1. Beyond 21 Å, what share of the Cα-Cα pairs of region 10-121 is found? Please give it as a whole percent.
2. Please work out how much length the chain gains when fully extended from E21 to D47, using 0.36 nm per residue of separation minus the C-alpha to C-alpha distance, in nm with one decimal.
3. Which FRET efficiency, nearest 0.05, do K90 and A70 yield, Cβ-Cβ r, R0 35 Å?
4. Q102 versus D118, label points 7 Å from Cα toward the beta carbon: distance in nm?
5. Would you kindly derive the ³J(HN,Hα) couplings of region 23-28 from the backbone phi angles with the Karplus curve 6.51 cos²θ - 1.76 cosθ + 1.60 (θ = phi - 60°), listing them in order in whole Hz, with x for Gly and Pro?
Amino acid sequence: MSWLDPQRSQEPAIDTAMREELRALLGMTPRNYFESEPSAELIALADDLRKEARRRNHTARKRSHWMLMAAALPLALAFGGISIWGVAQKHKAEDLAAAVVQRDSEIQRLAGTLKQVDERAPVQASNRLPATAPGAHKRIAPRGRELVEVIDHPAGQVPQDTTQVKAH
């Protein structure tokens with residue numbers, strides 16, 4: 001057991017007696033580093049120094065944990081900020097997806113009403129007289145989900161308000 005070991009100072013009396021007996025059997029003299037017996041004042045001073053060393057060692061360990069936490073704070077803030085931003089982006093994407101679903105349902109509803117109007121249109125058109133010339137009438141025909149205006153023009157007819165610049 002080392003002399004620097006703290007258990008050495010709190011060693012039971014039986015172990016100390018056994019150590020002294022073993023030294024006596026081996027013919028060793030007891031170690032006396034100071035070549036004098038320590039006084040009560042020196043023993044009290046040594047105890048005070050030991051207590052102060054333990055106190056400082058104890059407080060130094062706690063300080064290291066605070067330093068570690070202080071060093072980890074910027075990382076924690078960065079990860080927290082990124083996670084908050086990610087949650088905000090997730091909510092934004094969910095809101096946009098809900099808007100797309102709502103818009104699709106609105107388009108489906110409008111397509112349904114357009115089909116109903118289309119089914120009634122031939123009945124109403126047969127009851128009316130054409131208001132325009134037969135060659136220039138407009139007809140609205142549904143194609144998929146969008147409206148397409150189809151205008152019938154005769155292929156050989158040139159509009160009257162144009163002038164021909166160059167002959168072919």
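Read the figures in this text as sums done on the coordinates, not as results from a lab. Just so it is clear, the structure is predicted and the values come from calculations on it, not from any experiment. Counting neighbours? That spans all protein chains shown, and the Cβs are built from the backbone with ideal geometry, glycine included.
1. So the portion of pairs separated by more than 21 Å is 76 percent.
2. 6.7 nm
3. Calculated value: 0.65.
4. Here the modelled spin labels are 2.8 nm apart.
5. 4, 5, 5, 7, x, 8
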